[in-house]
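I have placed the structure first, in the form of structure tokens, so that the comments after it can refer back to it.
A short reminder: the numbers here are calculations on the coordinates, not readings from a lab. Predicted model, so just to flag it, every value in this text is computed and none were measured. Because the Cβ atoms are built from the backbone with ideal geometry, glycine has one as well, and the counts that use them run over all protein chains shown.
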Amino acid sequence: MSQRVSLDYITDFTFDLKLEPLATALVVVDMQYASGCRETGLGKSLKEQGKEELARYRYDRIEQVVVPTIQRLLAFFRRHHLTVVYLTMGSEMPDFSDALPHLKAFFVSSNNKIGTPEHEILEEVKPEPGELVLNKTTMGAFNSTNLDSILWSRGIKYLLFTGVSTNMCVETTARDGADRGFRCVIIEDGCGASAQSYHDAALITFQRLFGKVKSSQEVIRELEAGMARGA
């Protein structure tokens with residue numbers, strides 16, 4: 001991808017990694033009807049206000065790139081019995097009283113609270129029975145869930161991030177994961193934002209010490225190589 005850092009002194013200090021399949025988790029972030037579908041939640045609200053054009057890029061990217069990529073990765077992880085973790089974001093109280101001040105209006109506008117259709121994960125990438133789903137009330141999952149202890153208890157060391165938005169909940173959780181000792185990778189074609197510039201800027205910054213940015217194809221190749229080494 002064009003956003004890879006090449007002429008930057010910090011690359012001298014950035015770690016390399018080889019994915020270990022059994023110690024790797026695919027993390028699917030906030031692929032919900034609240035903000036991941038143009039017909040519901042945020043998309044519906046913008047349309048009612050005559051502002052749907054502001055989110056055209058966002059939903060085109062989700063439908064044409066992000067969803068197909070996540071589907072391919074889910075198929076691979078499920079076929080090889082590797083760990084999949086879903087994250088959702090939304091209020092856990094019916095009156096949104098648990099929402100932080102900077103998130104409450106966003107939750108209310110998209111009717112994003114547990115028990116509503118908007119809070120559900122998109123049908124195209126929905127979890128299968130037995131796959132972990134954690135709800136967060138913050139942008140970063142480590143701040144409002146027990147994701148940390150669950151991952152360590154399962155022996156997970158590598159986290160592959162997909163979902164929305166690249167520059168918001170995906171990047172925040174991936175950065176926090178890196179600061180907790182996980183080896184984090186943001187999958188470029190598995191994420192999306194409201195503008196290409198937001199997406200690109202997040203990836204450029206993330207590569208400066210936090211972790212790696214790779215394509216889904218690169219990740220699948222690395223995992224296949226890891227399984228071959230294990231075999």
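A few points about this structure:
- Here the extension length gained between Ala23 and Glu52 equals 6.3 nm, from 0.36 nm per residue of separation less the Cα-Cα distance.
- Maximal additional length on extending the Arg72-Glu124 stretch stands at 17.6 nm, based on 0.36 nm per residue less the C-alpha distance.
- Looking at the range 32-75, the trypsin sites (Lys or Arg not before Pro) that sit in a DSSP loop and have at most 11 other Cβ atoms within 10 Å of their own Cβ are Lys51.
- Summarising the label geometry, the points placed 7 Å from Cα in the beta-carbon direction at Leu100 and Arg221 lie 3.8 nm from one another.
- Under-5 Å amide H pairs with Asp189, H placed in peptide plane, nonlocal only: Ser216
- In order along the range 194-211, the Karplus-derived 3J(HN,Hα) couplings, from 6.51 cos²θ - 1.76 cosθ + 1.60 at θ = phi - 60°, round to 7, 8, 4, 5, 5, 4, 4, 4, 4, 5, 4, 5, 4, 5, 8, 5, 5, x Hz, and Gly and Pro are given as x.
- Total charge dipole magnitude, the range 111-208, about the Cα centre, Cβ charges on Lys, Arg, Asp, Glu only, Debye to nearest 20: 460
- Charge dipole magnitude, Cβ of K and R +1, D and E -1 - the chain, Cα centre, debye nearest 20: 380
- Mean separation of Cα pairs under 8 Å and 6 or more residues apart, divided by the residue count, gives the range 9-230 a relative contact order of 28 percent.
- In order along the range 25-41, the Karplus-derived 3J(HN,Hα) couplings, from 6.51 cos²θ - 1.76 cosθ + 1.60 at θ = phi - 60°, round to 10, 8, 10, 9, 9, 6, 7, 10, 5, 4, 9, x, 9, 6, 9, 9, x Hz, and Gly and Pro are given as x.
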